[in-house]
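Everything below concerns the one structure shown next.
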Amino acid sequence: MKTLVTGGVRSGKSRHAEALVGTGPATYVAPGPTAEADPDPDWAARLAAHRERRPAAWTTLETRDLATAVAAADGPLIVDCLGTWLTALIDADDGWDCSMPVLAARVDAQVEALLAALATTAHDVVFVTNEVGLGVVPAHRSGRVFRDLLGTVNQRVATGCDEVHLVIAGRVLKL
């Protein structure tokens, strides 16, 4: 089963996604800043908090290369979250300073590779993402760039999933 779990900040979407994966062996993919490439103390603290509440049978993989992580999976995956993945992709390519068409093409190539890997994996994959249509996004250029790109990423990833779940205040609506 491939599932996209979306909702606002602190909606309960990560906990719902974790419940979908269960307590057996799984890989938690953290697609934000990597400890080696660009250490970020806030990101490290977030990962540590997630590790504390996750089942002991889970392993953590820090990577921006979601396509390879999905293709190489040897069991269930939870990818938390597509918003941090997108931000890391933009940061890695100095995308905040390039034109929107150039940046969109770079992100599109990554999404295409991810969807190709998703189509071939036999394992359950649960993606967590922020629903930008419901969230407050700053009205400046970088806020609009993020909102527009994440909205497109969410839509595209949803096409590769069997189910989409919207989480609001801990309540789940299967779309």
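The values are calculated or read from the model by the stated rules, or taken from the named source; none is laboratory data. Keep in mind that what you see is a predicted model, and the values were worked out from it rather than measured. Here the Cβ positions follow ideal geometry from the backbone for every residue, glycine too, while neighbour counts run over all protein chains shown. Remember, those area values only see protein heavy atoms, side chains included, never the ligands or the DNA or RNA. Shrake-Rupley method; radii C 1.70, N 1.55, O 1.52, S 1.80 Å.
Between rounded, prolate and oblate, where does the chain land on the alpha carbon gyration tensor, with a ≥ b ≥ c its root eigenvalues, rounded for a/c under 1.5, else prolate if a/b exceeds b/c?
Numbers: a/c = 1.35, a/b = 1.29, b/c = 1.04.
The shape class here is rounded.
Determine the share of the chain's accessible area contributed by carbon and sulfur atoms, expressed in whole percent, with a 1.4 angstrom probe.
Numbers: 4830 of 8690 Å².
With neighbouring chains kept in place, the figure for the chain is 56 percent.
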Built amide H within the under 5 Å cut-off of residue 62, gap 5+: 30
Top positive-direction residue, dipole computed over the chain with Cβ charges, set 100, 24, 61: 24
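Which whole-number value in Å² is the accessible area per residue of the chain, probe 1.4 Å?
Numbers: 8690 Å² over 175 residues.
Here the per-residue accessible area is 50 Å².
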Calculated from backbone phi, Karplus (6.51, -1.76, 1.60) coupling profile of segment 15-25 in Hz, x at Gly/Pro: 5, 4, 4, 4, 5, 5, 6, x, 9, x, x
Selected from 173, 146, 71, residue furthest toward positive end of dipole (segment 55-175; charges at beta carbon): 173
Pair residue 123, residue 139: separation of 7 Å Cα→Cβ label points (nm): 4.5
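Local charge sum around residue 14 (other residues, Cβ-Cβ under 11 Å, Lys/Arg +1, Asp/Glu -1)?
Numbers: positive: 10, 13, 15, 46, 53, 54; negative: 18, 80.
Value of the local net charge: +4.
Can you bin segment 10-80 into rounded, prolate or oblate? Criterion: square roots of the alpha carbon gyration tensor eigenvalues sorted a ≥ b ≥ c, rounded for a/c under 1.5, prolate for a/b above b/c, oblate for the rest.
Taking the square roots of the gyration eigenvalues as a ≥ b ≥ c, segment 10-80 is oblate.
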Exposure ranking of 147, 51 by accessible area [1.4 Å probe, largest first]: 51, 147
Cβ-derived FRET efficiency at R0 22 Å, residue 19 paired with residue 168, nearest 0.05: 0.85
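Please compute the net charge surrounding residue 50, taking Lys and Arg as +1 and Asp and Glu as -1 over other residues with Cβ under 11 Å from its Cβ. Present the calculation step by step, with values, prior to reporting the outcome.
Details: positive: 15, 46, 51, 53, 54; negative: 18, 52, 80.
Within the 11 Å Cβ shell, the charges total +2.
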Rounded to the nearest 20 debye, dipole of the chain from Cβ charges on Lys, Arg, Asp, Glu: 740
For segment 114-122, Karplus couplings with θ = phi - 60° (6.51, -1.76, 1.60), whole Hz, Gly/Pro x: 4, 5, 5, 5, 4, 5, 9, 7, 8
